[in-house]
Amino acid sequence: MKVLVTGGAGFIGSEIVRELDARGADVVVLDYAPHAMDYQQYATVYAVDVSTNLHDIFEREQPEYVIHHAAQVSVSTSMKQPDLMVS
Ligand SMILES: NC(=O)c1ccc[n+]([C@@H]2O[C@H](COP(=O)([O-])OP(=O)(O)OC[C@H]3O[C@@H](n4cnc5c(N)ncnc54)[C@H](O)[C@@H]3O)[C@@H](O)[C@H]2O)c1
């Protein structure tokens, strides 16, 4: 099973990546700030902004599932600036 996790370097995404790896999944991470990740040895990591065109990555990786956790985390910021993707 191949699973692509956006925001995989974040608070929730990183826990999901670890759990998927523990269950034997093939994990692909998309995160524009993956430098803090300590699990790059067991996940394929792309340092990309998910608001850009991801066609080539999906074509190459062919994930069966996508778990989306790359997002603007602040509710108040997202209400004030709904087009702002990142915090
Ligand atoms: N943490 C919570 O308690 C909580 C509760 C409910 C819902 N959520 C939601 O879960 C999601 C993730 O929350 P979190 O706490 O893990 O946040 P986080 O900030 O720790 O992680 C988000 C990750 O997404 C990445 N990211 C953000 N925008 C990106 C983009 N455009 N392209 C690529 N990467 C991008 C960041 O680099 C970061 O690593 C958010 O949608 C949040 O609103 C979180």
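Listed values, structure above:
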| item | result |
| --- | --- |
| Unmet criterion (only one of (1) within 9 Å of the ligand (Cβ to nearest atom); (2) within 20 Å of L54 (Cα to Cα)) for F11 | (2) |
| Some residue of region 58-67 being surrounded by 10 or more Cβ atoms within 10 Å (Cβ to Cβ), within 15 Å of the ligand (Cβ to nearest atom), within 15 Å of the chain's Cα centre (by Cα) and over 15 Å from V3 (Cα atoms) | no |
| Among residues of region 5-36, those that are among the small types (G, A, S) and either touching a Pro at 6+ places or on another chain (Cβ under 6 Å) or free of Cβ contacts under 8 Å to residues at least 24 places away in the same chain (or both), counted | 3 |
| Residues (exposed (fewer than 15 other Cβ atoms within 10 Å of the Cβ) and assigned to a helix (DSSP H, G or I)) located in region 1-47 | F11, I12, E15, E19, A22, H35, A36, Q40, Q41, Y42 |
| Flag for Y32 being within 14 Å of the chain's Cα centre (by Cα) and modelled with pLDDT of 95 or more | no |
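The values are calculated or read from the model by the stated rules, or taken from the named source; none is laboratory data. Note that the coordinates shown come from a computational prediction; the quantities given were computed from them, not determined experimentally. Note that we place each Cβ from the backbone using ideal geometry, even for glycine, and neighbour counts take in every protein chain shown.
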